[in-house]
Structures are given as structure tokens and as C-alpha cells.
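Read through the structure below, which is laid out as C-alpha cells, and then see the notes.
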Amino acid sequence: METPTSRSSDPIARLARSRHEFGEHGGVNLSIETSATFTVLEAGKMPEIFGGRAGPQGGCFLYGRHFNPTVMVLSRHLAALEALPSAYCTASGMAAISGTLLQACDSGDHIVAGQALYGGTWALLHDYLTRKAGIGATFVDLSDLDAVARAFTPRTRVLYCETLSNPTLRVADLPALARIAHERGAKLVVDNTFAPVAVTPALHGADVVIHSLTKFINGASDIVAGCVCASGEFIDQLYDLHFGSLMLLGPAMDPRAAYEVATRMPNLGLRITEHARRALACAERLEALGAAVIYPGLASHPDHAVFRRIANPGYGAGGLLSVDLGTAERAYRFMEHLQNIEDFGYMAVSLGYSDTLMSASASSTSSELDEASLRAAGISPGLVRLSVGYTGTLEDRLDQLERGYRAAGG
Ligand SMILES: *Cc1c(COP(=O)(O)O)cnc(C)c1O
């Protein structure tokens, strides 16, 4: 399934040019196709659909776990955003990740992955896929390109990374990683959940781009959803009747959720730009106070140059920043003061919400990692990750943040 997408290098321009879908009665919003099953006019059409000779591109839908017209509209927007020919949405980000890896690898195959990853992904690779599917994984420091190349085996099918690693915000050198993967016949699979709009991994060689739509793309923290963006061939494989991971494991997105997410796509660019403007201001304030702050938009960030090389101009350096308070106790005091005294934001996992969300990664979203893996990934017990929101005035927020930092002993 491929749709021609705009060639523009600007993600928001591509998004705007991905075909607008009008509602059934000419409404400016798309209609929701809730049906779980679809009729045909002639009985002979059914075997054509099952045989793959007729399909959704020709308006022939089959069943809700296969393709759905409303989910396809959202998927088309996401393919355009990520400059890839095709995409399809899933019930969660983890469904997109597990479906992609099970599709790209057979039992006995191998994955090379960054060592700082979303906790669920780390557990999937480290524990689940090894035991349940016989798919091995080697974790490496992605900034050491020689180590990345050395980790490949003849059975490596995937090099897996996050554009910005969680929660240390190291930046993947995507062109270099793509070269290493492609020279060895492997796919570069990138989780771009932390950097939609800011970075377009496919423009730097990524073959598959995954999102947890639960985060910035939906932006309201009210829907769990994901997507896989890739070639038309790969998306078709995911829905193969005999070997399609998404078809057979069945994490289908509800069309009502697809509609909700689609209504929030037009303001994605505005939201991302404002998240990033405020995250930079917060990072600069914390840095001026002498805090150990990690933000790819700061010149002090170890991968600042890499980020500038791969980032789309004009959309900033993302809405996430991390600050190392040294100990868990100071990290907790910092977050409690900011939530309970200042009303600056909320102690909650997840990201990309309108308000600021704060979590101490070592004891929350990265707690799947063991001690040694936490240390290797640079996740100290005092590390607090902030997803900077856009409510309130920036001046107020910066003053609140400063008081929180001082209350924690900074
Ligand atoms: C949240 C998240 C996921 C998992 O997505 P779900 O929608 O919760 O399944 C994967 N990767 C990253 C980077 C995330 O932040």
C-alpha cells in the first residue's frame, strides 16, 4: 500500500499536503467508519480480497483487524509526516515495536540495539523476544560506531535505536547508523516518539520509523496508540494473512481513536514548536543555576552537533529535558516541591502532554533495566525527566522551576 507523498523536506509542509479527507456529507472533518466488517456487491469479490488481488487502495475493505478506512486516513498523515511511502496504526506504541521486530526477524535472528532505550522496549529485547521467539539482542553504546559494527552477527536483521534516547537524550547519529546497518543487509528501525517533527529519521536512512502516538502526536494523554511507518511492502507484510505480525497478533487501532488523533494532527507543528521553545528556556535557566541539565538544544550537550546536523530547521530540539539532582532523595524533593507547592507540573510517567510531566527515570520508566544496565545507560538515581508543557506563562514557569531547584538544595 503506497500513497504518493510530497517531496518537501519540511515535515509540516508534507503533513499539510497529505490528502485531506472530507466527511461523508462534505463535512470538514473526516467520518468515522466504525464497522468491523464490510460488504461486497458480488460474491466473486471476496476471494479476490482474500487472495490480495483487491484491497483497501481500490476501496475493498474486509474486516476491522485488517485495514479500516478511518485508521488509513490517520496512517496516511503519519506516512507523510515521516517521509515514508506507507504507514499503519496500532493499539499502542509497544504493539508497533513488537510487531515490527517480529516481522523483521525470524527465530534465530539477532538485533543490535542502543543501550539507553524505553524500559518496555529494553525488556522486550532483553527478556521477552529471547525467551519466547529465540531472537537475540546485543545492547551497545550507539555513539561508539565501531562497537555498533562489531556487535553485528551474520544473523543481525535490525539495528534498533531511539532518535533521542530515554531518558538520557543522547542523539542517534542516524546517517552513520544507517550506513552500518545497510552495509550488513540489516534494517535501521528508529523509535521517533521523542522527536516527531523535530527529526525525520527516514531522511537520514531509517527504513522503519515507529511512534508511540500516546505521547506528543496525540498530545492529550487520553489515548494509547502507536504506528509503524515504512515501505508499502513492509506494511503489507505486517498484514499478511499467514505471516503478518499485526494481522495475526491483532493489536488493531479502534477507528474512534484514529479519528481523535487525526483531529489533533493539524496543531502538531504548533505544539511541538512551543514545547521546544519552553524546554530550551527551562534548560537554559537550570544551566544558569549550575544544574547538570541535559537538553540537545544546549551547546553543552555532548551530541549538540549531531542534533543540529539531523534536525529539521525551525522546530527546536524537542520538549524533553533531563536534570541530574545527584540523589533520589533530592530528585523526589524537587518534583514534590514543583507539583505540590508550585503547581508547575505533575509527577507522572509519559510525555507530550499540555502540562509538564516529571518522573525519576531510574525508579519508574527505566526500572526494567538492572543496576549495571542503568549505569551503562547513564541513568543515575537522581535523574529527573521533564516533558515540558505549554500551559501558563513562560515567565511564571521559569520562576517556579528555579524555586523547585533551590528547594531541592540546588
Ligand atoms: C511510551 C513509549 C513507548 C511505548 O508506547 P505505548 O504507547 O505506551 O505502548 C515506546 N517508546 C517510547 C520512546 C515511549 O516513550
Could you rank THR263, THR168 by how accessible they are, 1.4 Å probe, largest area first?
-> THR263, THR168
Beta bridges by DSSP in the chain, antiparallel share as percent, to the nearest 5 | 55 percent
Accessible area, probe 1.4 Å, largest first, for residues ILE12, ILE223, ILE217 | ILE12, ILE223, ILE217
Mind checking which lysines have their Cα closer than 24 Å to the Cα of LYS187? Skip sequence neighbours fewer than 8 apart in that chain.
-> LYS132
Expected vector for the stretch 105-120, Karplus 3J(HN,Hα) from phi with 6.51, -1.76, 1.60 and θ = phi - 60°, integer Hz, x for Gly and Pro, equals 10, 9, 3, x, 7, 9, 10, 9, 9, x, 8, 9, 9, 3, x, x
Which angle from 0 to 90°, rounded to the nearest 10, does the C-alpha axis of helix 174-183 make with the longest principal axis of the chain?
-> 50 degrees
Report the convex hull volume per residue for the stretch 15-169, counting only C-alpha atoms, in Å³.
-> 165 Å³
Pop a pseudo-label 7 angstrom from the Cα along the beta-carbon direction at both THR37 and GLU395 and give the gap in nm to one decimal.
-> 6.3 nm
Once ARG403, ARG308 are ranked on solvent-accessible area with the largest value leading and a 1.4 Å probe, the list reads ARG308, ARG403
Given the peptides 264-272, 49-57, arrange them by the average over their residues of other C-beta atoms within 10 Å, most packed first.
-> 264-272, 49-57
Please list the non-local residues whose amide H lies under 5 Å from the amide H of LEU62, H modeled 1.01 Å from N, same-chain partners needing a gap of 5 or more.
-> PHE67
Which whole-Hz ³J(HN,Hα) couplings does the stretch 342-351 yield from phi under the Karplus relation 6.51 cos²θ - 1.76 cosθ + 1.60, θ = phi - 60°, glycine and proline marked x?
-> 9, 6, 6, x, 10, 7, 7, 6, 6, 6
Phi-derived 3J(HN,Hα) across the stretch 219-232 with the Karplus relation (6.51, -1.76, 1.60, θ = phi - 60°), rounded Hz, x for Gly and Pro, is x, 10, 6, 10, 9, 9, 6, x, 7, 10, 10, 6, 5, x
Quick one: Kirkwood hydrodynamic radius for the chain, alpha-carbon pairs, angstrom, one decimal?
-> 21.8 Å
Could you pull out every residue, at least 5 positions away or on a different chain, whose amide H is within less than 5 Å of the one on VAL158? Hs are placed 1.01 Å off N in the peptide plane, and Pro or chain starts have none.
-> HIS110, VAL112, LYS187
For HIS25 and ALA123, FRET efficiency with R0 = 56 Å and r from the beta-carbon atoms, rounded to 0.05?
-> 0.75
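The values are calculated or read from the model by the stated rules, or taken from the named source; none is laboratory data. A quick note: this is a predicted structure, and the numbers were derived from the prediction, not measured. Reconstructed Cβ throughout: ideal geometry from the backbone, glycine too, with neighbour counts over all protein chains shown. The accessibility values were calculated without ligands, DNA or RNA, using every heavy atom of the protein model including side chains. Shrake-Rupley method; radii C 1.70, N 1.55, O 1.52, S 1.80 Å.
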